[in-house]
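The values are calculated or read from the model by the stated rules, or taken from the named source; none is laboratory data. Only a predicted model underlies this, so the values are computations on that prediction, with no experimental measurement involved. Methodologically, a virtual Cβ is constructed for each residue, glycine included, from the backbone with ideal geometry; neighbour enumeration extends over all protein chains shown.
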Amino acid sequence: MPAVAPPDPETLRAELLRPGGLWTHIDYVSETGSTNADLARLARSGAEPGRVLLTANQTAGRGRFTRAWTTPPGVSIALSILVRPRRPLAEWTWLPLLAGLSVADGLTACTGLGVELKWPNDVLIGGKKVCGLLSEVVDTRGGECAVIGWGINVAMDTAELPVQTATSLLLEGERVPMTEVAAAVLDSFAEHFGTWDAGERERVVAAYARHCTTIGKRVRVVLSETESIQGHADGVDESGRLLVDGRAYAAGDVFHLR
Ligand code: BTN
């Protein structure tokens, strides 16, 4: 008996598929290698954007920096989407931030937990990582698309965590059905993506800034093995870069100092 119910695609379809809405197909598979790789393959073979693919049993998950993303079966959601923004490609740097904002909002909506966003898109509960996300650009005959995938730790126990700096909703005291979690994240993404894609960047920046606890703190940004800076995180700029003492940083490991 799983700790929480697996995703129910019929319920997700009934809740999320609407005429004119972002989502056109919601597919659930009982097991797959990587939901991101599956959607990228579908996109290259002509599938249109608007697709969602999810499983609770991903066997060859992909993480950032070509790392593996490994999870035991039945305790986390692998959820990927295929979208084609109208914004110019140079602005797609916002997609990982939108994806982080959406999962933070979604998890806040379906739990009573305080969910923090550490720039750019680390989703934390009590300082521990509850979700990893990977945003990839895919070349297709119809133009570039983005595949965005979330790995959400729903029901892992301590022994199942990949690292002790991770957590799960269950370990934080929330037993939430996977259908509810996925619906909340997809709903939130559709809203934030719609706002951003319509060119209302200020609203998205404001929503991001409300959730991102990096902003307003003193931070250390590790830029490389030999270089790091410290300063006050003032906000994010129009490309989603972190502004520290007025200078913009596109990438780096951030540590909150206070
Ligand atoms: C990270 O390294 O933190 C990112 C992990 C992203 C994992 C998700 S799970 C769903 C989707 N499919 C994948 O193969 N990876 C992403």
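Descriptive notes on the structure:
- Condition met for VAL244 (crowded, with 16+ Cβ neighbours inside 10 Å, of a type outside the set (D, E, K, R) and free of Cβ contacts under 8 Å to residues at least 60 places away in the same chain): yes
- For ARG41, the conditions (1) of a type outside the set (A, V, I, L, M, F, W, C); (2) farther than 21 Å from VAL103 by Cα; (3) crowded, with 18+ Cβ neighbours inside 10 Å all hold with the exception of (3).
- Hits in segment 40-85 - residues which are in a helix (DSSP H, G or I) and either under 27 Å from GLU191 (Cα atoms) or near the ligand (Cβ under 8 Å from one of its atoms) (or both): ALA40, ARG41, LEU42, ALA43, ARG44, ARG64, PHE65
- Residues of segment 193-225 satisfying the condition of being over 23 Å from GLY127 (Cα atoms), modelled with pLDDT of 95 or more and among the β-branched types (Val, Ile, Thr): THR195
- Filter result for the condition that a residue is touching a helix residue (DSSP H, G or I) at 6+ places or on another chain (Cβ under 9 Å) and at positive phi, over GLY199, GLY240, GLY252: GLY240
- Taking the listed residues LEU124, LEU170, LEU133, LEU161, the one that is more than 24 Å from ALA206 (Cβ to Cβ), within 16 Å of the ligand (Cβ to nearest atom) and not charged (D, E, K, R) is LEU161, with no other qualifying.
- Note on segment 221-231: residues that are surrounded by 12 or more Cβ atoms within 10 Å (Cβ to Cβ) and over 23 Å from LEU98 (Cα atoms) amount to 4.
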